[in-house]
Structures are given as C-alpha cells and as structure tokens.
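Heads up: the structure comes next, in structure tokens.
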Amino acid sequence: MFDRLRAFHRPATVAAALRLATAERRAGGRGAFVAGGTDLVVQGDGSLRWVVDLSLLPLRYVRRRGAGGGWTIGSTTTMADLERSAALRRFADGVLCDAAATAGSPQIRNRGTIGGNLANASPACDLAPPLLALDASAVIAGGAAGARKAAGGRRTVALERFFRGPGRPALNGGLLVEIVIPAPPVPRGGRAAWAFQKLGRLQSDIAVVNAAAGVIVGSDCRCRWARIAIGAAGPTPLRARRAEALLVGRPFDRDAAQAAAARAAGETRPVSDVRATADYRREMSRVLVGRALDECLERMGRDPWASW
Amino acid sequence: MANDPIQFTLNGKSVTLQTDPARLLLWVLRTDLELTGTKYGCGMGECGACTVLVDGQATRSCLTDLAAVRGKRVTTIEGLAEDGRPHPLQEAFDEHGGYQCGYCTSGMIMNAAGLLHAHPHPSRREIVEGMEGNLCRCGAHQRIVAAIESAATGTGRQP
C-alpha cells in the first residue's frame with residue numbers, strides 16, 4: 001500500500017507535526033497528514049513518501065467556548081465521539097450527532113475524525129451541512145499563508161470558504177486543528193431548531209444528497225435567521241443563500257418551508273455520477289431541504305401542515 | 001527507515017514488535033503474529049471481515065496502521081474465549097447457524113462484541129444498524145441478528 005514510504009512520524013504536539021511536515025516537504029516527495037486513516041488508506045496513494053500521524057495530538061475534545069453557548073471541537077475527535085457526545089446531543093437539536101451517526105459504519109466512525117471528514121473536502125461530507133448551518137469555522141495551524149498572517153501561526157477560515165472544490169480544502173499545507181461553532185443568535189423569547197437529512201441506499205452509504213437546516217424565529221414567530229446547507233449537490237457543500245433569504249422576515253410555516261426548499265434546489269450545481277444523475281440530485285435536494293425544514297417546524301412545536 | 005519497537009496488548013498478552021509502524025494491523029496480525037482468524041475481505045473498509053477490538057471499540061484492522069495501536073488493547077477472534085470456554089457470541093453464532101461459508105464470521109462476532117460493549121442490551125433495530133458495516137454474501141443475516149439477540153439476552157459476559 002505505502003510501498004514508497006520513507007518516513008512515518010507520530011508527533012505529540014501540533015508544533016512538532018508542522019515542523020516534521022515542513023522538513024519532509026523540503027526533502028521532497030508527496031506526503032500526508034493522517035488521523036483515522038479511513039480515507040487515506042482506502043485511497044491507497046502509493047506515491048506517498050511520508051506520513052505524519054496525528055493520533056497523539058491533544059486534539060480529541062468537545063468543549064464549551066466561553067459562557068455564550070458556542071463550542072470548539074478538536075480535529076481528531078472521532079465521528080463516534082460526536083455521535084455519543086451527551087453535551088452536543090443537547091445543542092442545536094443534536095444535529096451534529098445525527099450527521100456523525102450516518103457517516104460510514106460503526107467501525108469507520110470509531111476511527112474516522114471530524115478533521116479528516118472535513119479536510120478531505122468531499123462534496124458529500126456528512127458533517128459539512130450541519131456545520132455550515134451553525135456558521136462554523138475551521139482553525140488552521142501553520143501552512144504557507146497562516147504562518148505569516150496570524151498570531152501563533154493560526155488562522156480561522158469560515159467553513160464555507162474552507163471548501164474550494166472537490167478534494168481541495170483551504171489548508172495551504174497547514175493543519176486543521178479545531179472547529180469553532182459560535183453561539184446561535186437566539187433572541188429573548190425566540191426559538192431555534194436544526195435538522196439533518198441524508199439520502200443513500202443504506203444509512204452508511206456516501207450521501208447521494210445530504211442537507212441541514214437551521215431556523216431561528218422571534219417571539220412574533222417570524223424567521224430571524226435561517227441556514228440551509230446542502231452536500232453532494234455541487235463541487236463543494238454549499239449554502240442556499242437565496243432560499244435562506246426567502247425565509248427571513250416572514251412567518252415560518254409550511255408554505256414558507258416548501259417555497260424555500262424549491263428555491264434551494266435551484267441553487268444546487270449537481271453532477272451525474274455512479275450514485276445519481278444531476279436531475280435526481282436537484283430534485284432530492286428540494287425533498288431533503290423540505291424535510292429538514294419540516295423537522296425544524298416540528299421541533300418548534302408546530303404542526304408542519306398548519307399555517308399560522 | 002529506522003523503527004522504534006511498538007508495544008501493545010494482544011488478547012491479554014503484551015507484544016512488542018520491531019517493524020514498520022505504517023504497516024496495517026491486519027497484515028501484522030495475520031503474517032507476523034500468525035493470527036489468521038482476522039480475515040482480509042476487501043481491504044478498503046467496506047466489508048468488516050477484518051474487524052478487531054481496539055480498547056473495546058470495533059475497528060477495521062485493514063485501515064489501521066500499527067502505530068495507532070501502540071499502548072492499546074487489541075482483541076482478535078482468537079482472544080475472545082475465556083478459560084477455554086467460547087464467548088457467548090461464539091456460542092450463539094454456533095447455536096443459531098449465524099454463518100454459511102464462515103468467512104465474515106470472525107468480523108461479525110468482533111463487531112457484535114464491540115456493539116455489546118457499548119450497548120449491552122441493544123434492540124433488534126440497534127443490532128441491525130450496528131451491524132450495517134459487516135457484509136455477509138451468503139445470506140445468513142437473519143440468523144446473525146438472532147444470534148446477537150440471544151447472546152445479548154444471555155449471560156452478558158463482555159470481552
């Protein structure tokens with residue numbers, strides 16, 4: 001598998017990991033960071049000359065971010081950790097736990113990490129839609145751009161800008177160390193709900209389409225804030241901003257949800273491949289966004305079929 | 001490439017190996033340690049035949065580099081029996097005929113052991129979902145689920 005591997009490093013700190021990667025790059029040849037290995041080993045890139053294993057780094061954690069209700073998640077936190085996190089289960093309707101629980105089989109989730117899931121920049125990445133619906137950012141240590149720019153060689157990139165194309169994360173040779181989720185802006189007397197939806201033949205399949213929605217309504221039941229994110233329906237996981245705009249300022253009800261779902265489908269740029277045709281993906285984007293918004297309505301205690 | 005010795009606990013006994021840490025656990029188990037109960041199915045993390053427990057968690061040994069188990073407890077199908085008595089899952093698979101050709105069986109039993117470790121009393125639905133990552137190409141699925149159900153309601157002895 002790694003026939004041409006010259007070096008396999010297992011550093012204990014982020015600084016050491018970056019130093020090793022820099023030295024290896026100077027020495028020449030392709031290499032990679034590896035966490036759970038559930039993508040890297042399968043890709044089986046025999047040309048890799050070096051690997052820096054991240055499993056000893058102290059990045060396996062889910063922490064509250066200050067008192068405001070935000071979170072930070074270390075990049076080597078496994079999908080199983082997220083799935084079982086009691087704290088995240090109580091945050092944002094457990095939308096991150098729900099998405100993590102659909103990523104691959106139990107054995108994959110025991111090894112695969114949030115950082116690997118994102119850094120592979122697969123358009124079908126299951127954690128991307130819920131994280132986009134939570135305005136999450138990626139914290140990147142080191143790398144060509146980061147070392148100069150930010151204090152401590154770290155920079156924060158909004159997740160939406162982190163995905164630059166299929167398999168193209170905005171890392172510039174840096175290391176994804178943390179995911180930051182800000183406190184959702186729920187006003188006094190308001191309500192918030194999130195939901196995740198995924199379509200695949202089996203739950204553990206790579207998504208044909210996945211989607212997440214987040215909605216915040218004020219005490220007047222008008223939508224104040226909306227996030228709609230769709231995966232596997234374009235070159236990157238995407239935000240359906242025009243659909244979000246359709247919701248904001250109006251009463252949040254089933255009609256609004258269905259209109260937003262239809263508009264969201266129009267914002268996708270799907271391809272046809274072995275899993276589905278582009279037309280099917282576009283149509284299923286509408287269905288999944290509609291379901292996710294219906295779930296948000298239900299979670300707010302509203303009958304999704306009633307207008308109010 | 002110079003290799004530091006890698007120590008881990010295998011089926012309750014400490015082992016120390018001097019080999020390339022990037023090698024996959026599956027092949028170290030099968031080749032170096034001659035424990036061939038862990039099967040090579042697809043080699044791509046799709047079929048579950050190579051499942052072992054790492055610190056009690058079901059893990060695909062075909063995707064796991066040796067360095068990742070340094071200092072950890074690895075359990076293979078050979079280490080599941082205690083005092084010469086088969087594990088309740090092994091007994092239940094035997095009783096219910098939870099196999100036909102048997103190639104997927106050790107992976108099935110190890111994944112089920114990981115499942116029961118996390119959820120000692122799973123519902124039928126939890127069993128089906130928890131076993132989704134293990135393929136059986138013969139068609140013993142119903143009997144596999146029945147075997148795990150009966151092991152879960154039995155003595156509940158855990159690895």
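Rule-based calculations on the coordinates, nothing more; no lab input. Please read all numbers here as calculations on a predicted model, not as lab measurements. As a convention, Cβ positions derive from the backbone with ideal geometry for all residues, glycine included, and neighbour counts pool all protein chains shown.
For the protein assembly as shown, give the magnitude of the charge dipole about the Cα centre (Cβ charges: +1 Lys/Arg, -1 Asp/Glu; no others), in debye to the nearest 20.
1900
Between the helical axis of A:278-299 and the dominant principal axis of chain A, each derived from Cα atoms, what acute angle in degrees is found, rounded to the nearest 10?
70
How long are the semi-axes of the equivalent ellipsoid of the range A:144-274, defined as square roots of 5 times the Cα gyration tensor eigenvalues? Whole Å, largest first.
Equivalent-ellipsoid dimensions as semi-axes: 29, 22, 13 Å.
So what's the angle, to the nearest 10 degrees on a 0 to 90 scale, between helix B:105-118 and the longest Cα principal axis of chain B?
It is inclined by approximately 80 degrees.
Against the 2.2 N^0.38 Å scaling, with N counting residues, where does the range A:7-53 land? I'd like the Cα-based Rg ratio to two decimal places.
Rounded to two decimals, the normalised Rg is 1.10.
Which values of log₁₀ I(q)/I(0), to two decimal places, follow from the Debye formula for the range B:50-159 at q = 0.11, 0.16, 0.19, 0.24 Å⁻¹ with a uniform point scatterer at every Cα?
Each listed q corresponds, in turn, to -0.31, -0.66, -0.93, -1.44.
Kirkwood hydrodynamic radius, the range B:88-153, all distinct C-alpha pairs: what's the number in Å?
11.3
Taking the range A:27-71, which chymotrypsin sites (Phe, Trp or Tyr not before Pro) meet the DSSP loop condition and have no more than 13 other C-beta atoms within 10 Å?
Sparse-neighbourhood loop chymotrypsin sites (Phe, Trp or Tyr not before Pro): A:Y61.
Cβ under 15 Å from A:Y61's Cβ, A:Y61 left aside: what net charge do those residues give with Lys, Arg +1 and Asp, Glu -1?
Summing Lys/Arg as +1 and Asp/Glu as -1 gives +3.
Summarise the long-distance tail of P(r) for the range B:1-110 by giving the % of C-alpha pairs beyond 16 Å.
Of all Cα-Cα distances in the range B:1-110, 57 percent exceed 16 Å.
For chain A, evaluate the Debye formula with one uniform point scatterer on each Cα (no solvent term) and list log10 I(q)/I(0) at q = 0.06, 0.07, 0.11, 0.13 Å⁻¹, rounded to two decimals.
-0.20, -0.27, -0.66, -0.90
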